[in-house]
Structures are given as C-alpha cells and as structure tokens.
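> Pasting a structure below so you can have a look.
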Amino acid sequence: MSDYRLLIGGKLVAGDQMMDVVNPATEEVLAKCPRASKAQLDQAVAAAKAAFPGWAATPIAERKKALGAIADIIEKNAGELARLLTQEQGKPIGDATGEVYGTAAFFRYFTMLDMPVKVIDDSEHRRVEAHRKPLGVIGAIVPWNFPLILMAFKVPPALLAGNAIVLKPAPTTPLSTLRLGELIKDVLPAGVLNISTDANDLGGALTAHPDVRKISFTGSTATGAKVMAGAAATLKRITLELGGNDAGIVLDDVDPKKTAPALFQSAFQNNGQVCIAMKRLYVHESIYDEMCSELAKLADAAIVGNGLEQGTQLGPLQNRMQFEKVKELLDDAKKTGKVIAGGTVPDQAGFFIKPTIVRDITDGARLVDEEQFGPVLPVISYKDPEDAVARANASPYGLGGSIWSSDLDRAYALAEKMDSGSVWVNKHAELAPNIPFGGAKQSGLGTELGEEGLAEFTQLKIINVAR
Ligand code: NAD
C-alpha cells in the first residue's frame, strides 16, 4: 500500500503539508495525501530544468523505450490503479479499468511517432530544413474527471519530444497519479518527470514560473483564462483544453428506440463529467415525444451507486462543489422545463444525483446555456435543422457536437456547418490518440493528440544554409 509521496528530482518525498482526499461515494476520507508547498513546487521545476538537457540529448529511440516501459507498468498494475481511480474519482470500476488501459495505449501510441527533419528547399542556392526541438520544462495541469488519461494526452508527447515535466493533478483526484509516479519513478532519469500536488493554490505559481516554457492545461474555461493571463508575462506556449456545451442534433429520419441508448451513453458517461459529453440534445419535433420517453426509460433503469459495486452504471459526482453546482442547475431546470426521469438526490452519503431527463425546455434556460458537467440532460424540440445548428453554434463554447441521421449526406452537410473542434456523425465523444483534438472559441487553444499534438511540445527551428 502506497503512503503517497510527491515525485521530485527522482525521489519520493513527503509533502510539506498534508490534505485529505475524499471518496465521493461515501464522503469518507480515503487517504491523507501530500500537499506541496510553493518551495516544493520550485524544487520540482528546478529538478526538471536540471534534467532537461540530458533528456533532450537522449536518442529518441531511448525515449520511446521509456514510454513503452511506462505503458507496460501501467498495464501490469491496472487492477490496483483502476480501484484507486474508482475510489477517488467515483466512476464505475469497469470505466476506471478502461481509463487505465487507455492510458497505457496513449503512451504506446506516442512510441510510434517520430520528429524527422523536414527538407523545405534543397536547391542550387540553399538548403532549408525544419527541425523540431524540445521546449524545456513543461507544466502539465490536469482536472478531476479523467485524472490518468488526460495526463496521458500530455506526458507521453512531451517526453517523446525531449521535454522535462512538472505534472500537477487536481486536488480532489491526486492519488492514482501519485501512485503511478511511484511505480514508474525508475524508468526515467531523475527529474524528467516530477509530480507536485496542491490544494488548488499552486497552479498560478506554476503558470507564472519563469523557468517553465509551456503550460499544457485541461480544465474549465474560467481557469484557462487565468492560465493565459499568467503565461503572458513570460510569453509561455500554452495549450488549453477547456469547457464545452456540446450539442447533439437528431434529425427526423432517426429511429428513437434504436438511437436512444447511444445518445444516453453520450450524455451520461462518467455522469456527464466529460468535457465532450453531449450536454444538450436537439430532437426534431416529429420524433420528440418518442425520443424523450425512450431516454426517460433508460434514465429510470440506470443503476446508480458506489463504483466498486458490480453492476453500477453511474457513480457519484466527483466532489461537493460540482454536486452543489449540478443541484442548483437542476432546481432551476424544474422551473424552466419538465423533469420526466430522475430529478432527485438519494437520501444517502455520497454525491449522488439520479440521471435526469428534462423536456419542454429551450435555449435561454441555464441548463441549456451553461455547462452542467453532470447527469442532467436537457432535450430541446426543433423544427428546422438549419435553425438547430444555428442554436448549437450560438454558444461561447465550441468543443464538440454531433449529427444523428440515417442519411449520411444530410448529416455530413450539417456537420460541416457546426462551429466546433470535433463533430461526430451518428456517435459522440469518440477520442483516440492518433486523432487531433482541440476546441473552437472559448473551448480551447491549440491541439492535443496526434502528430499535431506532438508538434505543440516542440519549437520549430529552421536551418537555412547558403550554397
Ligand atoms: P478547473 O479549471 O477548476 O481545474 C483544472 C486544474 O487547474 C486543476 O488541476 C486545478 O487545481 C488547476 N487550477 C486551479 N486554479 C488554477 C490557476 N489559477 N492556474 C492554473 N491552474 C489552476 O477544472 P475542473 O473543475 O477540475 O474540471 C472540469 C472542467 O474541465 C470542465 O469545464 C470540463 O469541461 C473541462 N475539461 C476539459 C477537457 C478538454 O479536453 N477540453 C477535458 C476535461 C475537462
């Protein structure tokens, strides 16, 4: 059993302070966890800075080997990591196991990429080459909904490119990340990967740190704006993966009974605590009643409980703040729409809310316009698909969206009009390590994953030689 330590300069160290990590299914303290001081954060940055030149000079084949070794360790310890993830995050054990194996797969994917020198011009008068160089120290900041896999959007490409890292998990879900740090600490040279926790008080210091060259941030739009401001004084590179209010648009040619399970899964996976969850659903008026009742049946049948129990489909909300926020939006939705399933908070310990379907609600209601990040889905009726797309686009967010239809040409034409970083057809929220991912408008800046995601951890350097 781990006693949870920070990872600084290749050593497991106690935090200068401690904090409690709560199991959201029981509200009991799951573990005492180290909380880094500002001085320890500075030590982590200094360790990364010292380790960077050696790691940058390490042949890429060796760096890939290390990523592969980390993937092996994650898989070997999948059972323990998944259990811990369920206990700190709340998600059902099957989903947690999927996240752990997905994390390993993301590490493995980056072992297959290279950063070849690109020859731009090789003519009589000059040879021009484009090189990809590592940046230096990367600050990687992760939220609480997918602590491991979102870390794996950042750490493997940053390491492959030759950077050193200070990784900061979210204060309410630091344990699986700290345990992983303990498991992999000898795979990498000391200081190449450092893990420093906080109680939501050190993100600003990491962002402003003069020795950090880039911040790779996933979290809310409000915090993303603070990161952008904090990074400005030192002109850091930033990648921001932020909030969303993804719309799904269901056309009139869809069979409600057949399609409702996929729509339900798109909205309620991880209890709706997914940046690219379907957060508002527009359904054509001709199938609206039937779709609402199919969704309500699925919500009524969903098994809500402790993620460690067999059969649980939806766990608790991850933390009290989020629980209170979703309850507030639910109370408001009871006034602006009609709850046809769920809508209740079970009388028990844990941050549970029954999966809720709200109909007869429309744009302008808080539940439709805001990011709920919880298990309460507004279903909105529309007449004209072009108007539905316009309403989907009339949001400051632009992370993802989806069109559902049995006519792929029709769906594709509407997908082209959606103003978001990803658009899916007849599915929602599919991510893979080789598919670049990023948000439009206030949902983000830059790209993660794929070759484009790797490039964001590098400095483009042109060498131009006269002949
Ligand atoms: P959050 O913004 O509150 O916190 C995210 C991280 O930022 C945490 O580690 C937190 O400690 C840290 N942080 C807090 N203050 C900071 C500051 N001033 N400077 C730097 N870092 C700071 O987000 P959350 O509530 O943990 O996560 C939920 C949000 O994340 C939702 O809006 C969701 O849509 C979004 N999200 C986006 C993506 C994506 O890829 N676009 C993925 C998952 C979650």
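> Counting just the residues of region 276-317 that are among the charged types (D, E, K, R) and part of a loop (DSSP other than H, G, I, E, B), which one comes out surrounded by the most Cβ atoms within 10 Å (Cβ to Cβ)?
The selected residue is 279.
> Go through region 339-391 and count every residue that is among the aliphatic types (A, V, I, L, M), within 21 Å of residue 276 (Cβ to Cβ) and part of a loop (DSSP other than H, G, I, E, B).
So the answer is 1.
> Can you report the number of residues in region 439-448 which are crowded, with 22+ Cβ neighbours inside 10 Å and either outside any strand (DSSP E or B) or of a type in the set (D, E, K, R) (or both)?
Counting residues in region 439-448 that are crowded, with 22+ Cβ neighbours inside 10 Å and either outside any strand (DSSP E or B) or of a type in the set (D, E, K, R) (or both) gives 3.
> Moving on to the next point. Within region 233-253, track down each residue that is aliphatic (A, V, I, L, M), surrounded by fewer than 24 Cβ atoms within 10 Å (Cβ to Cβ) and more than 13 Å from the ligand (Cβ to nearest atom).
Answer for region 233-253, where residues must be aliphatic (A, V, I, L, M), surrounded by fewer than 24 Cβ atoms within 10 Å (Cβ to Cβ) and more than 13 Å from the ligand (Cβ to nearest atom): 233, 235, 251.
> Looking only at region 193-225, which residues are closer than 24 Å to residue 274 by Cβ, surrounded by fewer than 16 Cβ atoms within 10 Å (Cβ to Cβ) and near the ligand (Cβ under 7 Å from one of its atoms)?
Within region 193-225, 200, 220, 222 qualify.
> Identify, from the list 149, 141, 120, the residue that is touching a residue at least 60 places away in the same chain (Cβ under 8 Å) and surrounded by fewer than 22 Cβ atoms within 10 Å (Cβ to Cβ).
Selected residue: 120, the only one of 149, 141, 120 that is touching a residue at least 60 places away in the same chain (Cβ under 8 Å) and surrounded by fewer than 22 Cβ atoms within 10 Å (Cβ to Cβ).
> How about region 137-246: which strands (runs of 3 or more DSSP E) wholly inside it have at least 2 residues that are in contact with a helix residue (DSSP H, G or I) (Cβ under 7 Å, 6 or more places away or on another chain) and among the β-branched types (Val, Ile, Thr)?
137-141, 164-168, 214-218
> Can you tell me how many residues in region 205-231 are in contact with a Lys or Arg (Cβ under 7 Å, 6 or more places away or on another chain) and either among the aromatic types (Phe, Trp, Tyr) or within 13 Å of residue 165 (Cα to Cα) (or both)?
The qualifying residues number 7.
> Additional query: Inside region 346-360, can you point out the residues that are modelled with pLDDT of 95 or more and loosely packed, with under 15 Cβ neighbours inside 10 Å?
349
> From 51, 61, 66, grab the single residue that is buried (at least 16 other Cβ atoms within 10 Å of the Cβ), more than 27 Å from the chain's Cα centre (by Cα) and not in a loop (DSSP other than H, G, I, E, B).
After ruling out the rest, the residue left standing is 51.
> Of the residues 46, 71, 96, which single one is without any contact (Cβ under 8 Å) to a residue 60 or more places away in the chain and assigned to a helix (DSSP H, G or I)?
One residue alone meets the criteria, 71.
Each row is one residue, and each column tells you yes or no for (1) hydrophobic (A, V, I, L, M, F, W, C); (2) closer than 28 Å to residue 219 by Cβ; (3) touching an Asp or Glu at 6+ places or on another chain (Cβ under 6 Å).
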position	(1), (2), (3)
383	no, no, yes
387	no, no, no
390	yes, no, no
398	no, yes, yes
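> For region 153-183, how many residues meet the condition of being among the charged types (D, E, K, R) and closer than 18 Å to residue 45 by Cβ?
Total meeting the criteria: 2.
The values are calculated or read from the model by the stated rules, or taken from the named source; none is laboratory data. This one's a predicted model, so the numbers in the text were calculated from it and none came from an experiment. No Cβ is skipped: glycine too gets one built from the backbone with ideal geometry, and neighbour counts run over all protein chains shown.
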